[in-house]
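Everything on this sheet refers to the single structure shown next.
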Amino acid sequence: MKSWSLPARIGFPFLLLAIALFAVFPFYYAIVSSLKAPTELFTVSYAPSLNFSNYASVFAEQPFGRNILNSVVVAVVVVALSLGLGVTAAFALGRVQFRGRAALLLTILGVSMFPQVAVLSGMFELIRALGIYNSLPGLVLANLILTLPFTVWVLTTFMRELPKELEEAAYVDGATPLIVVRRVFLPIMGPALVTTGLLAFIAAWNEFLFALTFTLSNEMRTVPVAIALITGGSQYELPWGNIMAASVIVTVPLIVLVLIFQRKIVSGLTAGAVKG
Amino acid sequence: MTDRSDHATASGGSELTRAKVRSALLFLAPMLVVLFLVAGWPLIRTIWFSFTDASLTNIGEYNFIGFDNFYNSEWGGLLSDPDWWRAVWNTLRFAVISVSIETVLGLIVALALNVQFPGRGWVRAAILIPWAIPTIVSAKMWSWMLHDQFGMLNDLGMRLGMLAEPVAWTASPDTAMMAVIMVDVWKTTPFMALLILAGLQMLPSDCYEAARVDGIHPVRVFFRVTLPLVYPALMVAVIFRALDALRIFDLIYVLTSNSKDTMTMSVYARQQLVDFQDVGYGSAASTMLFLIIAGLTIAYITLGKVKLGGDVR
């Protein structure tokens, strides 16, 4: 920065300000709108008036508490299953040399880039056949297609960064691969599991297409579908105050999590993508 | 593949190596079974349905009708449906424009964040916020800001004298796609910026020292040194974003619903499948979408010579 010319030195803070403002303003405006009385909504202002009536009516007018619970249950179960299946698979893919491994990794990467719509009718049939249509297990099953390949891929990149010497000593002592995974790798995989789990949680929490298609009743909906389908008394006027309140409720925990785990998330995202 | 365990494999395979490979396959099995159940099987079934006249009300009963969903002489089929081709065009237009803007803005943000300055952590935290917000929520937030009567964007534009009258951003055919692209850019530029930033931080500092000592203009340094060096990371980020953009559904579904001006392939396929209950025809559209994305990916990876980490250290 010291070697910069004068205009660059003056302009740079403004660029940073513009970036930060552009990133933060829409969410700030949602918070402001959510805190207005319903009648105040129709005049634009940028300071909150701390009226919490929208927050009360979100929970009163639809089973929003139930929707939040649904989202939490689905996301937690999906994360647990993905991590459980992913850790052993990542060990096999990251630490053991066998034929067809590269092809398998590419397939897994390919599945994580799948358009969801491409499996929609097949998934619908499967969920109907298993009798889990309009239920949380159905959503868990469908969400695995988003989180499982991603989890395996990121955990594999973490696994293969670890030094070879780690497991060699254990093998010399006569440990089996399963013991090596449990005793050697699992204890030091903690941070990687947290990062991957968090990213998978966000993916499952935000999932919309499956949740929209595979649920019918208000009580089974997850949060994104509930918010998308909030309607008011009349067909033409949406209750924007309620929608903004619901949006803020489901976003604040995510933002807090993301800010706490900032560094880990960035490293997880890069592990998932940048492998040039 | 240069692997440190290679010599073990090469030396005929010890008992331990064989045991490791055996348990590796055992470890993989549960994951592969689940992955086949949730991805492979539904994909196969969807492709199969595209050759049938299945309907959503009774998905178990259908007839095999060959390629009729794709093309037939009676009612045309997918390939002669102008709405489908419009959806293809919308998707490509959306993907190309939004990913281009995101790449340029992402580069600018990444370059700015690569500079040491007080409060850098705060700016980085700020740009993570759009990324953390669920897509549906950001679509709703922006619908409210873009609202034709009470939206702040119209209010601001008119106060600043940039707009003569309120604009129906998401409803008018002229601005609907623009609005969708704007929201997508807001939501995903942070992802792009963070990936590029990670690439920038891996660059060696000595070439910059050399360039600085030689007094080369910063713009020249950017195009001659930074850009070529960060290119691989940039390309991977672009692929990831482009694949995401090509399958976009939720943002458009919430922001402009089933409007023809912004309808993408995913929205079209779901409308046929769910709203019109036509599983056969909808599956044909899904299959086409799958083929188009697969084809573009293969073409891009081959032409761009991008390595997607198939090798394991």
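What residue, among those in segment A:118-132 that are surrounded by fewer than 17 Cβ atoms within 10 Å (Cβ to Cβ) and outside any helix (DSSP H, G or I), is farthest from the other protein chains (Cβ to nearest Cβ)?
It comes out as A:131.
Can you confirm whether residue B:130 is within 30 Å of residue A:31 (Cβ to Cβ) and surrounded by 21 or more Cβ atoms within 10 Å (Cβ to Cβ)?
Judged against the criteria, residue B:130 is a match.
Can you find a residue that is part of a loop (DSSP other than H, G, I, E, B), within 28 Å of residue B:136 (Cα to Cα) and in contact with a Ser or Thr (Cβ under 6 Å, 6 or more places away or on another chain) anywhere in segment A:216-225?
yes
Need at least 3 residues that are within 8 Å of another protein chain (Cβ to nearest Cβ) and in contact (Cβ under 8 Å) with a residue 40 or more places away in the chain per element, so show me which helices (runs of 4 or more DSSP H) inside segment B:58-172 make the cut, counting only ones lying wholly within it.
Per the criteria, B:120-132, B:135-145.
Just a yes or no: is a residue in segment A:195-209 in the same structural domain as residue A:148 (by TED's automatic domain parsing), in contact with a helix residue (DSSP H, G or I) (Cβ under 7 Å, 6 or more places away or on another chain), without any contact (Cβ under 8 Å) to a residue 24 or more places away in the chain and not acidic (Asp, Glu)?
Yes, segment A:195-209 contains a residue that is in the same structural domain as residue A:148 (by TED's automatic domain parsing), in contact with a helix residue (DSSP H, G or I) (Cβ under 7 Å, 6 or more places away or on another chain), without any contact (Cβ under 8 Å) to a residue 24 or more places away in the chain and not acidic (Asp, Glu).
For segment A:14-28, indicate whether the set of residues that are closer than 25 Å to residue A:243 by Cα and more than 14 Å from chain B (Cβ to nearest Cβ) is non-empty.
no
Suppose we keep only residues that are charged (D, E, K, R) and at pLDDT 85 or above within segment B:51-89. Which one would you say is nearest to the chain's Cα centre (by Cα)? Reasoning before the result, please.
Residues of segment B:51-89 charged (D, E, K, R): B:53, B:61, B:68, B:74, B:81, B:83, B:86.
Now narrow it down to the ones that are at pLDDT 85 or above: B:53, B:68, B:81, B:83, B:86.
Numbers: B:53: 31, B:68: 30, B:81: 25, B:83: 22, B:86: 19 Å.
The qualifying residue nearest to the chain's Cα centre (by Cα) is B:86.
Can you find even one residue in segment A:151-159 that is at the interface with chain B (Cβ under 8 Å from one of its Cβ atoms), more than 27 Å from residue B:290 (Cβ to Cβ) and over 19 Å from the mean Cα position of the chain (by Cα)?
Checking segment A:151-159: not a single residue is at the interface with chain B (Cβ under 8 Å from one of its Cβ atoms), more than 27 Å from residue B:290 (Cβ to Cβ) and over 19 Å from the mean Cα position of the chain (by Cα).
When residue A:185 is evaluated against the numbered criteria (1) buried (at least 21 other Cβ atoms within 10 Å of the Cβ); (2) facing chain B (nearest Cβ under 9 Å); (3) at pLDDT below 90, which criterion, by number, is the only one it fails?
All conditions are met except number (2).
The values are calculated or read from the model by the stated rules, or taken from the named source; none is laboratory data. From a predicted model like this one, the values you see are computed outputs, not experimental measurements. FYI the Cβ positions are ideal-geometry reconstructions off the backbone, even for glycines, and counts take in every protein chain you see.
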